[in-house]
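**Q** Please see the structure below; I have some questions.
The values are calculated or read from the model by the stated rules, or taken from the named source; none is laboratory data. Quick caveat, the model's predicted, so the values are computed rather than measured. Here the Cβ is made from the backbone with ideal geometry for all residues, glycine too, and neighbour counts use every protein chain on show.
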């Protein structure tokens, strides 16, 4: 029987790589504040750090590096406070007539994008940012507005996500691929027929002779290539530095109740970051279809959250007649907890036929934890595992 290995961001995280969106947002903010610390100003398409009092900023840093300074706000879940420093001015210096001390701030931040503002508000130790979902929420918000600037607002939103994707690509290129751990066996082990119900014995015997593997890689990194030949892999969301397989980023839930209204809306450019339209740029989707149409298969979930931003694609896979089993490889925490139940709940959202869902999901006692890089065993939060892309 064939194996379809669904690889998501949790796979890279399990290899000790900082590929979560929270990691990316922190990198972006640290880059901005480091530039401000050197020159007294920073500006890009989405954020501006105006010159407050650079001397005061250096005094506020104390013995901390800029990276440690930003991290200190993140660890207190106060990134929003970091970016609203005008609310915590410090008395420093004198007014022009020298009669009283004047309030000054170490810097003034202007976040020029509603989307970026929403992303930063969600970025905390207790919450994992889902940029694609936030983009979709902002898009729907723009489309229900009753104003004349709707077209321009959509264009601005798309320019924002384009800039974020460009920054994300820069960030990911800087990361070092994590060392190999114990995934080769998961990729190559034959399907255990005891994990399958609802299929006749003859069907199982007939399909036992096939033994092909396809890695459906939602990541942009090449971590999985340590374990399996590239020809057995589809980078469904594209690759870094490969113009023939461009990075796909956006929302992918055409089953969402609001999507029908989106299709009826005549505003241009609203589909620019809907994943289905990006799939037409390559043969990846058709190659996936050829594989799942060819024979019965078990889907193995490795580090994919199975969230709504990929529901169109995952629904097609999970409810396909050839998908006979869905095996979850869950994140195990040091205290014995895991995210198996959370993943079953997310997977259920992709099924219209709930009876099929109950038959296909392999129960917990036949499921397994994901191998983890040593440095991840004690530090990783299960919320960071399974984030898409």
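**Q** Can you name every residue in the stretch 55-72 that is more than 22 Å from the chain's Cα centre (by Cα) and assigned to a helix (DSSP H, G or I)?
**A** Within the stretch 55-72, 55, 56, 57, 58, 59, 60, 61, 66, 67, 68, 69, 72 qualify.
**Q** If we keep just the residues of the stretch 226-274 that are without any contact (Cβ under 8 Å) to a residue 40 or more places away in the chain and in contact with a strand residue (DSSP E or B) (Cβ under 7 Å, 6 or more places away or on another chain), which is farthest from residue 12 (Cα to Cα)?
**A** Among residues in the stretch 226-274 that are without any contact (Cβ under 8 Å) to a residue 40 or more places away in the chain and in contact with a strand residue (DSSP E or B) (Cβ under 7 Å, 6 or more places away or on another chain), the one farthest from residue 12 (Cα to Cα) is 274.
**Q** Okay, next question. In the stretch 241-264, how many are part of a loop (DSSP other than H, G, I, E, B) and crowded, with 16+ Cβ neighbours inside 10 Å? Spell out the reasoning first.
**A** Of the residues in the stretch 241-264, the ones part of a loop (DSSP other than H, G, I, E, B) are 241-250, 252-258.
From what's left, crowded, with 16+ Cβ neighbours inside 10 Å: 245, 247-250, 252-254, 256.
Residues in the stretch 241-264 being part of a loop (DSSP other than H, G, I, E, B) and crowded, with 16+ Cβ neighbours inside 10 Å: 9 in total.
**Q** Examine the stretch 371-389 for a residue that is in contact with a strand residue (DSSP E or B) (Cβ under 7 Å, 6 or more places away or on another chain), crowded, with 20+ Cβ neighbours inside 10 Å and modelled with pLDDT of 90 or more, and state whether such a residue exists.
**A** no
**Q** Tell me, please, whether a residue that is surrounded by fewer than 18 Cβ atoms within 10 Å (Cβ to Cβ) and assigned to a helix (DSSP H, G or I) can be found in the stretch 130-138.
**A** Looking through the stretch 130-138, at least one residue is surrounded by fewer than 18 Cβ atoms within 10 Å (Cβ to Cβ) and assigned to a helix (DSSP H, G or I).
**Q** Of all residues in the stretch 312-367, count the ones that are in contact (Cβ under 8 Å) with a residue 24 or more places away in the chain, loosely packed, with under 15 Cβ neighbours inside 10 Å and more than 17 Å from residue 193 (Cα to Cα).
**A** Here the count works out to 4.
**Q** Test residue 303 against the stated conditions and say whether it is at positive phi and assigned by the TED database to the domain that holds residue 194.
**A** Taking the combined requirement at face value, the residue satisfies it.
**Q** Report yes if some residue within the stretch 32-49 is in the same structural domain as residue 164 (by the TED database), within 26 Å of the chain's Cα centre (by Cα) and without any contact (Cβ under 8 Å) to a residue 24 or more places away in the chain; otherwise report no.
**A** yes
**Q** Is it fair to say residue 236 is closer than 21 Å to residue 328 by Cβ and more than 18 Å from the chain's Cα centre (by Cα)?
**A** When the stated conditions are applied, residue 236 does not pass them.
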